[in-house]
Amino acid sequence: MKHLLILLCSLLFLTISKQAYAQDDIHYGAEETFQYWAGAAPWEGIEVLNGQYWSSAHWSKEYILYMEVNVPVKMALDFIKDNRLKITADEVKFPEDAPDWFQPLSSFKEYEAGSQGSKYFINTATGHMFIYEVQL
């Protein structure tokens, strides 16, 4: 029994040590970003224009996503509904580390979800979307 306890403690220590020295990842590129975010390649009808994805090496799966996509209008409306997005009247403020290409125009409505600060800029007439999603 004592040997089993030592073995379990050793495995726990090695697991924690590996997590402590793991590197954060940052990914650039449209389709690669989509794949990290959605867990699959973009499906038919989705055109990913730009993307940047940072993920922590921590077990809690923290990430920050910037993405620009064109989708069919119905898909954009379903995205709003399925994610329970709400239009925000807040003053638009982009994070300081936003990429240069992350520039939604005034024709986009700003939506938000959750309490972490995720923002979605969607032109519901065209299906053009800018997504800033954060999970920390």
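The values are calculated or read from the model by the stated rules, or taken from the named source; none is laboratory data. Since the model is a prediction, treat every value here as computed from it, not as a measurement. Every residue, glycine among them, receives a Cβ derived from its backbone with ideal geometry; neighbour counts consider all protein chains shown.
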*May I ask you to list the residues in the range 49-62 that are part of a loop (DSSP other than H, G, I, E, B) and surrounded by fewer than 16 Cβ atoms within 10 Å (Cβ to Cβ)?*
Ala57, His58, Trp59, Ser60, Lys61, Glu62
*Tell me which residues, restricted to the range 106-136, are part of a loop (DSSP other than H, G, I, E, B) and either surrounded by 15 or more Cβ atoms within 10 Å (Cβ to Cβ) or not hydrophobic (A, V, I, L, M, F, W, C) (or both).*
Ser106, Ser107, Phe108, Gly114, Ser115, Gln116, Gly117, Thr124, Thr126, Gly127
*Give the residues of the range 63-79 that are in a strand (DSSP E or B) and either within 16 Å of Phe108 (Cα to Cα) or hydroxyl-bearing (Ser, Thr, Tyr) (or both), sorted by residue number.*
Tyr63, Tyr66, Met67, Glu68, Val69, Asn70
*Kindly indicate the residue of the range 80-97 that is at pLDDT 75 or above, in a loop (DSSP other than H, G, I, E, B) and aliphatic (A, V, I, L, M) and also nearest to the chain's Cα centre (by Cα) among those meeting that condition.*
Leu85
*Can you spot a residue in the range 6-28 that is more than 27 Å from Lys109 (Cβ to Cβ), in a helix (DSSP H, G or I), at pLDDT 85 or above and not polar (S, T, N, Q)?*
no
